[in-house]
Amino acid sequence: EDKVVQSPLSLVVHEGDTVTLNCSYEVTNFRSLLWYKQEKKAPTFLFMLTSSGIEKKSGRLSSILDKKELFSILNITATQTGDSAVYLCAAENNDMRFGAGTRLTVKP
Amino acid sequence: DSGVTQTPKHLITATGQRVTLRCSPRSGDLSVYWYQQSLDQGLQFLIQYYNGEERAKGNILERFSAQQFPDLHSELNLSSLELGDSALYFCASSAFHRGREDGYTFGSGTRLTVV
């Protein structure tokens, strides 16, 4: 059965800390790995990763995929309170299967 | 505004009733996905349509059905509603026929409360 597992489930840090969120997947006919940020409403797109070893960056956020070990990480450096959210990863094949998410809380 | 429009935003209905949720995808997107998100649960994939045809099915109950119309908007029909169907229902769209570096775009969701 296809599955996507995220860890940790929740994380509390202080402003300025660096965090690493993990996502492992077992999905048949894998096409891509996507990361989303969900605050109070709809998930908003962060990254789509299709190739191993190529880091994608957007400001303080970066992500990389390892297709051999079947995992991805999302790094956030110099965290801010506005980074507090649930971070979702999803593995895409014929549909998009989401993990349960990591709830990140950044304290001032 | 993500470009994906969902209506209504909120819906309160009684058990046993039937409701229809509507989604208009982002302009140019042919695929529509429906997801259910219950309290403390992740996003559960329900069903996908591509250009009017069902493409993939997830854990969608038999009481639920969906369709995509020629103008590409989609409707999710939920019948014989139970208390456990209370959830946030999201629609997302994507374009397989053009570059997808922007991933899938989600609507703001419909919050369904069954009482």
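Here is a list: B:I47, B:I60. Which entry is outside any strand (DSSP E or B) and of a type in the set (V, I, T)?
B:I60
Is there a residue being on the phi < 0 side of the Ramachandran plot, surrounded by 17 or more Cβ atoms within 10 Å (Cβ to Cβ) and within 10 Å of chain B (Cβ to nearest Cβ) anywhere in the stretch A:4-23? Within the stretch A:4-23, one or more residues are on the phi < 0 side of the Ramachandran plot, surrounded by 17 or more Cβ atoms within 10 Å (Cβ to Cβ) and within 10 Å of chain B (Cβ to nearest Cβ).
A:E39: of a type in the set (D, E), surrounded by fewer than 17 Cβ atoms within 10 Å (Cβ to Cβ) and farther than 23 Å from B:G109 by Cα, yes or no? It is false that A:E39 is of a type in the set (D, E), surrounded by fewer than 17 Cβ atoms within 10 Å (Cβ to Cβ) and farther than 23 Å from B:G109 by Cα. Examine the stretch B:67-88 for a residue that is free of Cβ contacts under 8 Å to residues at least 40 places away in the same chain, farther than 20 Å from A:A100 by Cβ and assigned to a strand (DSSP E or B), and state whether such a residue exists. Yes - at least one qualifying residue is present in the stretch B:67-88.
Restricting the first member to the stretch B:7-20 and to residues that are on the phi > 0 side of the Ramachandran plot, and the second to residues that are not polar (S, T, N, Q), the beta-carbon pairs closer than 8 Å and six or more apart or on different chains are B:G16/B:L81. Checked against (1) away from chain B (no Cβ under 14 Å); (2) in contact with a strand residue (DSSP E or B) (Cβ under 7 Å, 6 or more places away or on another chain), A:L49 meets all criteria but (1). Considering every residue within the stretch A:68-91, establish whether at least one is part of a strand (DSSP E or B) and over 12 Å from the mean Cα position of the chain (by Cα). Scanning the stretch A:68-91 turns up no residue that is part of a strand (DSSP E or B) and over 12 Å from the mean Cα position of the chain (by Cα).
Does B:Y33 satisfy the condition of being under 26 Å from A:L49 (Cα atoms), more than 12 Å from the chain's Cα centre (by Cα), within 14 Å of another protein chain (Cβ to nearest Cβ) and not small (G, A, S)? Against the criterion (under 26 Å from A:L49 (Cα atoms), more than 12 Å from the chain's Cα centre (by Cα), within 14 Å of another protein chain (Cβ to nearest Cβ) and not small (G, A, S)), B:Y33 does not qualify. Does the stretch B:90-109 include one or more residues that are at pLDDT 95 or above, out of contact with any helix residue (DSSP H, G or I) (no Cβ under 6 Å at 6 or more places or on another chain), more than 14 Å from every other protein chain (Cβ to nearest Cβ) and surrounded by 14 or more Cβ atoms within 10 Å (Cβ to Cβ)? Within the stretch B:90-109, none of the residues are at pLDDT 95 or above, out of contact with any helix residue (DSSP H, G or I) (no Cβ under 6 Å at 6 or more places or on another chain), more than 14 Å from every other protein chain (Cβ to nearest Cβ) and surrounded by 14 or more Cβ atoms within 10 Å (Cβ to Cβ).
Give the residues of the stretch A:80-101 that are more than 19 Å from A:S58 (Cα to Cα) and either more than 9 Å from chain B (Cβ to nearest Cβ) or touching a strand residue (DSSP E or B) at 6+ places or on another chain (Cβ under 7 Å) (or both), sorted by residue number. If the condition is that a residue be more than 19 Å from A:S58 (Cα to Cα) and either more than 9 Å from chain B (Cβ to nearest Cβ) or touching a strand residue (DSSP E or B) at 6+ places or on another chain (Cβ under 7 Å) (or both), then A:A91, A:E92, A:N94, A:D95, A:M96, A:R97, A:F98, A:G99, A:A100, A:G101 are the ones that fit. Give the residue that is farthest from the other protein chains (Cβ to nearest Cβ), with candidates limited to residues of the stretch B:1-11 that are surrounded by 12 or more Cβ atoms within 10 Å (Cβ to Cβ) and in a strand (DSSP E or B). It comes out as B:L11. Restricting attention to the stretch A:66-86, does a residue exist that is touching a Gly at 6+ places or on another chain (Cβ under 8 Å) and under 25 Å from B:N59 (Cβ atoms)? Among the residues of the stretch A:66-86, at least one is touching a Gly at 6+ places or on another chain (Cβ under 8 Å) and under 25 Å from B:N59 (Cβ atoms), which makes the answer yes. Take the stretch B:36-81 and flag every residue that is more than 14 Å from every other protein chain (Cβ to nearest Cβ) and among the hydroxyl-bearing types (S, T, Y). B:S65, B:S74, B:S79, B:S80, listed by residue number.
The values are calculated or read from the model by the stated rules, or taken from the named source; none is laboratory data. Fair warning: this is a prediction, and the values are worked out from it, not measured in the lab. Because the Cβ atoms are built from the backbone with ideal geometry, glycine has one as well, and the counts that use them run over all protein chains shown.
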